[in-house]
Amino acid sequence: MKRFPAEQLNTFAEAILTATGSSRREAKIVADHLVQSNLAGHDSHGIGMLPTYVSSIEKGALVPDVELQLILDHGAMMVFDGCRGYGQRLAREAMVVAIERCRENGLVFMGLRNAHHMGRIGSYGEQVIEAGMVSLHFVNVVDHRPLVAPYRGTAARYSTNPICFAMPATTGSAPILLDMATSKVALGKMRVAMNKGEEVAAETLFGGTGQPTTDPSVMFVEPYGAITSLGQHKGYGIAFFCELLAGVLTGGGTIQPENPQMGGIVNHMSTILIDPQRLVDYQWMEQEISALVKYVKGAPAEDSELPVLVAGEPEMMMRSERGCSGIPVDETTCNQLVDTARQVGIERSLVENLLNC
Ligand code: NAD
């Protein structure tokens, strides 16, 4: 695996994005989101997504440089339409408005529907953390074939529907950021495993005819397989509620098959924002969280090499490691990126220079 400095991947991603219709501003925001996902260790949502985005643009399922539309505004409740634009940019912009409204109202419901892939949902939690607020995000995924089997089922009926909960840092502890797919694994992780030629753990996948398998390629070739639910009936229940909260309350729609599909990746997201200072004394809150984190992390570890962590810590550790040693990109992903760059007309010497491939 080759390793690249974050800035090099940023420049490369920006070049692909501007060559396919994004303004420099949009390209910068999307490229930064992708590379930050790689830095956090979530390669499934990093620059390896670019070939998929280019193919979504070709299908008309992703439209670069569209404006965010505010379609419903009741003060503390608002809904935006992303008009199939880059979710990474539009969700970021919608969050800026929602955070401002939360300063005024203390509590906000913000729906964003019809944005193309919003990427790593944790990045919106990070915006909230920076503002000293608390947030809950529920996301569904439509426009695409289903990927995840319901509990007791062996065929896919919904997608990897991520949730994210964010709580600000205190003087004694780091921010707490739980950001995860509600399936056993994210689809992008299956792409990464397939590209590396790796098998996945047992009880993660069903093949196209409903038989259990460890081969990640079943998610990418017909007849398509399915990822299993996280935590059996419990994860299935949470994923189902992502359909209800994100799909229904934003007005965007669920994955039920009567809704048309263009084969892109469209996310709808319901966000609840809370200004904690309206509820409790901030200093007390900070002390309480620090004490809780210390107590929980003090639990004896089952394996002394693997201490108890709190959500958000693995990404912080990965960021500092990859910030120093570079971001690893496997050969298949690297080749796919080079092919995509050539396909969109980026000069060969520039591609070679950017990725050293
Ligand atoms: P994951 O399985 O790596 O879980 C990540 C979460 O678990 C993080 O909050 C992390 O801090 C926490 N965590 C990991 N190890 C921990 C430990 N030992 N102790 C405590 N907490 C720990 O992630 P995932 O489910 O594969 O999701 C990856 C990314 O994919 C997320 O950023 C998610 O938003 C994104 N995603 C996006 C979409 C979309 O449609 N936009 C769909 C699915 C997933």
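The residues of the stretch 200-243 that are open to solvent by 60 Å² or more (accessible area, probe 1.4 Å) and assigned to a helix (DSSP H, G or I), listed by number, are 232, 233, 234, 236, 238, 240, 241. Of all residues in the stretch 78-93, those satisfying the criterion of being in contact (Cβ under 8 Å) with a residue 60 or more places away in the chain, more than 13 Å from the ligand (Cβ to nearest atom) and either on the phi > 0 side of the Ramachandran plot or crowded, with 24+ Cβ neighbours inside 10 Å (or both) are 84, 89.
Taken over the stretch 10-37, the criterion of being touching a helix residue (DSSP H, G or I) at 6+ places or on another chain (Cβ under 6 Å) and closer than 20 Å to residue 317 by Cα is satisfied by 33, 34, 35, 37.
Taken together, the residues in the stretch 161-186 that are more than 7 Å from the ligand (Cβ to nearest atom) and touching a Leu at 6+ places or on another chain (Cβ under 7 Å) amount to 5. Within the stretch 255-262, does at least one residue satisfy the condition of being under 20 Å from the mean Cα position of the chain (by Cα) and closer than 30 Å to residue 143 by Cβ? Yes, the stretch 255-262 has at least one match. For the stretch 106-113, check the following and say yes or no: at least one residue is touching a residue at least 60 places away in the same chain (Cβ under 8 Å) and in contact with a Cys (Cβ under 7 Å, 6 or more places away or on another chain). Yes, the stretch 106-113 has at least one match.
Filtered by the rule that a residue be in contact (Cβ under 8 Å) with a residue 12 or more places away in the chain, more than 16 Å from the ligand (Cβ to nearest atom), closer than 23 Å to residue 262 by Cβ and of a type outside the set (A, V, I, L, M), the stretch 24-58 gives 26, 51. Helices (runs of 4 or more DSSP H) fully within the stretch 276-357 that include at least 1 residues being touching a His at 6+ places or on another chain (Cβ under 8 Å) and either within 16 Å of the ligand (Cβ to nearest atom) or open to solvent by 60 Å² or more (accessible area, probe 1.4 Å) (or both): 313-325. When the stretch 124-137 is filtered for residues that are open to solvent by 20 Å² or more (accessible area, probe 1.4 Å) and under 11 Å from the mean Cα position of the chain (by Cα), nothing remains.
The values are calculated or read from the model by the stated rules, or taken from the named source; none is laboratory data. Predicted model only: the values in this text are computed from it and were never measured. Heads up, the Cβs are rebuilt from the backbone with ideal geometry, glycines too, and the neighbour counts pull from every protein chain shown. Areas reflect the complete protein model, heavy atoms only, side chains present, ligands, DNA and RNA absent. Shrake-Rupley method; radii C 1.70, N 1.55, O 1.52, S 1.80 Å.
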